[in-house]
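Here is the structure we will look at.
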Amino acid sequence: MFTIDAHLDLSMNAMEWNRDLRRPITEINEREKGMSDKPDRGKAVVSLPELRKGDIGLVVATMIARYVAPDNPLHGWHSPDQAWAQTQGQLAWYKAMEEIGEMRQINDLPSLEKHLLASPGDVEPDKKTIGYILSLEGADSIITIQHLERMYQLGLRAVGPAHYGPGRYANGTDATGKMKQNGLDLLKKMEELNIILDATHLCDDAFWQALDNFHGTVWASHNNCRTIVNHNRQYSDEQIKALIERGAVIGAAMDAWMIVPNWVRGKSTPQNMGCNLDKLMDHVDHICQLAGNTLHVGIGSDLDGAFGKEQCPYDIETIADIQKIPALFKKRGYTETDISNLMHNNWLRLLRNAWR
């Protein structure tokens, strides 16, 4: 089934992990044997051929570069200018993929509809061009509001103001506190440019403030449920209901610690924690029960977000295994229409409403 994945860090993997994502996943992992600089070396599950194999024809593809102040222990860049330059390198990779026909930027309604027309069976599966919507995860690299305008001209269509820890515009996961004036100014310019607000990673204080101050389109590209795994990275039922009221879609994230409770980093494994795709469906089902329908769920796998097979559902060998989800959803009593909503229709409806 044609699938949309609303969160992949493709350019980060290409440029920081030095992965040639055009190559088969086995070749990528073979080349990383013996490497230990990243926790997922030799365990990658995402490549462009595997996206095609899994009929994942449209992705929301990120740029990401965090600024860290001298007292911030997180990994990141020591100035916003460096962070900006890093995102420009990531953007250059997407453009390089466009030039050789591997990817196609989708940035308005005509380009979306044209891409969808090209996606069915008129093209050999292994030659299909993958559509991507350009997103920014964490806004630290936006040096000034004028830089946001520049990025919009280059195709940026969604922004998550925060990532982990304190941010220049908004505080994120494991942090607290409301946005200051520059954050509110960012939201105002995003609304003016019709840039989608990605509420993922916003700390609770910033989440509620953002919804109060931003009146454009909202989605949550990759987020699960706090009721099931109690962590501030997850959404409370109240937050999920607020997103539903705004017409948002919430992408199911496939990072194991967000799927099952009591995960211990570096010790737990998907197998010994019983973390599989059916457990992920618990989160999807929970959102559907809160909504009373299937109109607010989607896929936002994050399967290349600095983890791989060591920290994703054990029935995921590659991202192509996302196609196991329809059968699991159907087993819970959901209809073919519900399955289509989850796999692509909800994201398409949101995009068409945003870009009309």
Row for segment 1-121, column shape: gyration tensor on C-alpha, a ≥ b ≥ c, rounded if a/c < 1.5 i.e. under 1.5, prolate if a/b over b/c, else oblate; value oblate
With all protein chains in place and a 1.4 Å probe, H75 shows an accessible area in Å² (nearest 10) of 130
About its Cα centre, segment 67-199 carries a charge dipole, from +1 on Lys and Arg Cβ atoms and -1 on Asp and Glu Cβ atoms, whose size in debye to the nearest 20 is 260
Per its Cα gyration tensor (rounded if a/c is under 1.5, else prolate when a/b beats b/c, else oblate), segment 1-68 is best filed as oblate
From DSSP H assignment alone, runs of 4+ in the chain each adding -39500 (n - 2.57), the sum over residues rounded to the nearest 500 puts [θ] at 222 nm at -10500 deg cm²/dmol
For the chain, using Cα atoms only, the Rg and Dmax in Å read 18.7, 54
Here segment 201-211 yields Karplus 3J(HN,Hα) values (6.51, -1.76, 1.60; θ = phi - 60°; whole Hz; Gly and Pro given as x) of 6, 4, 5, 4, 4, 6, 4, 5, 5, 5, 5
Of the listed links K53/K324; K43/K331; K241/K330, those spanning more than 20 angstrom between alpha carbons are K43/K331; K241/K330
For K43, the accessible surface traced by a 1.4 Å probe with all protein chains present amounts, in square angstrom to the nearest 10, to 80
To the nearest 0.05, the calculated FRET efficiency linking E191 and D37 through their beta-carbon distance, R0 being 30 Å, is 0.15
Of segment 129-167, those with amide N under 15 Å from the point 7 Å along the Cα→Cβ vector of S79 are 141-144
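The values are calculated or read from the model by the stated rules, or taken from the named source; none is laboratory data. From a predicted model like this one, the values you see are computed outputs, not experimental measurements. When we count neighbours, we look across all protein chains shown, and the Cβ atoms used for this are built from the backbone with ideal geometry, even at glycine. All accessible areas refer to the heavy atoms of the entire protein, side chains included, with ligands and DNA or RNA removed. Shrake-Rupley method; radii C 1.70, N 1.55, O 1.52, S 1.80 Å.
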